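**Q** Attaching a single structure in structure tokens format; questions to follow.
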Amino acid sequence: MSERIPCINPRCRRTFADDGKSSEIICGKCFRTLPEATRKQHRRYWRKIHKWERRITRTGDELNIFRMRAVRDTLSMRLNMHWDTCIKPFFLAPEKPAGLDAFFEEVGF
């Protein structure tokens, strides 16, 4: 049996085949539950990264390739930071139970 990677949403039961490239993944259904602005920003980073990948494969100048890889790596770093700061906390933040303890915490007791 092959290794499976679970969706980052702890309430989701979906798993994906382990391709060896990533250790965390989000399923399409859970991705669609994110706020629209977060989804658009994530897609925007992916589009920019793929645009630079295409440019790198088309050019032959080594100096330009070096500069383009630096831009692509910066975008990849921003995508990873967006994943860690916006997408993962959305699913991993514990929900506060409705009750007396949550009320006291909200009031400041």
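**Q** Go through region 1-12 and give me each residue that's over 25 Å from Leu75 (Cα atoms), touching a Lys or Arg at 6+ places or on another chain (Cβ under 9 Å) and part of a loop (DSSP other than H, G, I, E, B).
**A** If the condition is that a residue be over 25 Å from Leu75 (Cα atoms), touching a Lys or Arg at 6+ places or on another chain (Cβ under 9 Å) and part of a loop (DSSP other than H, G, I, E, B), then Cys12 is the only one that fits.
**Q** Does region 36-44 include one or more residues that are without any contact (Cβ under 8 Å) to a residue 12 or more places away in the chain and farther than 21 Å from Trp83 by Cα?
**A** no
**Q** How many residues are aliphatic (A, V, I, L, M) and touching a Ser or Thr at 6+ places or on another chain (Cβ under 9 Å) when one looks only at region 37-70?
**A** 3
**Q** Which members of region 13-53 meet the condition of being assigned to a loop (DSSP other than H, G, I, E, B) and touching a Lys or Arg at 6+ places or on another chain (Cβ under 7 Å)?
**A** Asp18, Cys27
**Q** Shifting gears a bit: Being in contact with a Phe, Trp or Tyr (Cβ under 7 Å, 6 or more places away or on another chain) and surrounded by fewer than 16 Cβ atoms within 10 Å (Cβ to Cβ) is the filter; apply it to region 61-91 and report the residue that is nearest to Thr33 (Cα to Cα).
**A** Checked region 61-91; the qualifying residue nearest to Thr33 (Cα to Cα) is Arg78.
**Q** Here is a follow-up. Of all residues being surrounded by 12 or more Cβ atoms within 10 Å (Cβ to Cβ) and β-branched (Val, Ile, Thr) in region 45-60, which is modelled with the lowest pLDDT? Just the residue, please.
**A** It comes out as Thr59.
**Q** How many residues does region 3-39 contain that are acidic (Asp, Glu) and surrounded by 14 or more Cβ atoms within 10 Å (Cβ to Cβ)?
**A** So the answer is 0.
**Q** Could you tell me whether Leu79 is more than 26 Å from Glu3 (Cα to Cα) and either charged (D, E, K, R) or assigned to a helix (DSSP H, G or I) (or both)?
**A** no
The values are calculated or read from the model by the stated rules, or taken from the named source; none is laboratory data. Just so we're clear, the structure is a prediction, and the values are computed from it rather than from any experiment. Reconstructed Cβ throughout: ideal geometry from the backbone, glycine too, with neighbour counts over all protein chains shown.
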